[in-house]
Amino acid sequence: MRIALGLQYDGSEFLGWQAQPHGNTVQNALERALEHFARVPLSTVVAGRTDRGVHALGQVVHFDTQLDRSESSWVRGVNAFLPESIAVQWAKSVSPTFHARFAAFERVYFYVLYAHAVRSPMLARRAGWVHAALNVEMMREAAKHLIGKHDFSSFRSPNCQAKTPVKHLYAIDIVEDGLFVHLRFHANAFLYHMVRNIMGCLILVGRRKYPACWIAEVLATRDRKGAASTFMPDGLYLLQVSYPDYFGVPPSNLTCLPFQQGISL
């Protein structure tokens with residue numbers, strides 16, 4: 001049978017999702033826990049390979065197994081062998097046609113940005129930080145240039161393994177809430193480092209280093225060299241992965257999303 005799992009994790013102590021022979025990754029930790037519980041090795045397929053330091057509130061994986069256990073047993077059993085920084089939120093027996101990555105039709109990332117002259121140690125690894133005030137309206141104007149179906153090569157990491165740089169970015173919502181700026185990125189899929197590279201450009205616009213139209217010029221060049229540096233991963237959360245209703249995949253549990261006030265989820 002095929003089992004899907006919903007995961008939440010604090011990515012700050014991991015080297016990203018992808019398993020490594022001698023690395024501390026989320027996939028390594030999850031597959032160790034699965035093997036402890038199932039007593040056999042189980043390989044997982046993930047909806048999105050989050051980067052080092054990136055968190056997840058709505059990650060989805062699947063695996064195939066001959067072990068017959070209840071859905072609640074998978075949750076409790078696997079969580080018993082996971083570190084505190086990772087927790088299975090739900091388990092679901094799904095159709096063999098379900099695929100955590102290829103069956104997903106949209107993904108949502110959330111970025112929490114703290115704008116203040118001095119960093120806060122209480123927000124370390126939970127929120128990104130910029131020491132200068134930001135013009136959020138200019139950031140919104142810049143973001144409009146990215147909406148739609150485009151070649152996002154300018155915001156693609158050289159290590160990206162995606163078959164095509166063309167993605168459909170449905171929306172970027174930017175909400176200012178006191179010293180925080182909340183950004184929600186909604187697309188069919190994302191390239192490696194795409195959100196963090198867009199963040200770098202939006203922040204330069206917000207600091208008035210470039211006009212809002214500059215980001216359209218960066219997009220048009222399809223050249224990573226023309227864009228800003230990759231911004232820190234600390235405030236980035238994989239919020240939600242969506243699938244067709246007929247798979248019966250539960251929605252993400254967003255009740256513990258930090259700093260969620262001020263933005264519609």
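The values are calculated or read from the model by the stated rules, or taken from the named source; none is laboratory data. All values derive from a computational prediction rather than experimental measurement. Positions of Cβ are backbone-derived with ideal geometry, glycine not excepted, and every protein chain shown enters the neighbour counts.
Table for the structure above
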item	result
Region 222-245: number of residues that are farther than 18 Å from Asn188 by Cβ, exposed (fewer than 13 other Cβ atoms within 10 Å of the Cβ) and touching a residue at least 12 places away in the same chain (Cβ under 8 Å)	2
Test: Ala103 is at pLDDT 95 or above, in a loop (DSSP other than H, G, I, E, B) and closer than 24 Å to Gly16 by Cα	yes
Test for Phe98: is it within 16 Å of Ser242 (Cα to Cα), assigned by TED's automatic domain parsing to the domain that holds Gly178 and in contact (Cβ under 8 Å) with a residue 12 or more places away in the chain	no
Qualifying residue in region 141-162 (condition: in a loop (DSSP other than H, G, I, E, B) and within 22 Å of Pro244 (Cβ to Cβ))	yes
Residue match in region 82-90 (condition: of a type in the set (Asp, Glu), under 30 Å from Glu176 (Cβ atoms) and surrounded by fewer than 18 Cβ atoms within 10 Å (Cβ to Cβ))	no
Counted residues, region 27-69 - those being in a loop (DSSP other than H, G, I, E, B), among the hydrophobic types (A, V, I, L, M, F, W, C) and crowded, with 17+ Cβ neighbours inside 10 Å	3
The one condition in (1) more than 18 Å from the chain's Cα centre (by Cα); (2) buried (at least 18 other Cβ atoms within 10 Å of the Cβ) that Ala100 fails to fulfil	(1)
Failed item in (1) at pLDDT below 95; (2) within 30 Å of Leu15 (Cβ to Cβ), with Gly178 passing the rest	(2)
Search result, residues across region 170-221 that are part of a helix (DSSP H, G or I), free of Cβ contacts under 8 Å to residues at least 40 places away in the same chain and either assigned by TED's automatic domain parsing to the domain that holds Arg52 or not aliphatic (A, V, I, L, M) (or both)	Gly200, Glu217
Filter pass, Asp151 being surrounded by fewer than 17 Cβ atoms within 10 Å (Cβ to Cβ), touching a helix residue (DSSP H, G or I) at 6+ places or on another chain (Cβ under 9 Å) and either under 20 Å from Gly226 (Cβ atoms) or not assigned by TED's automatic domain parsing to the domain that holds Trp214 (or both)	yes
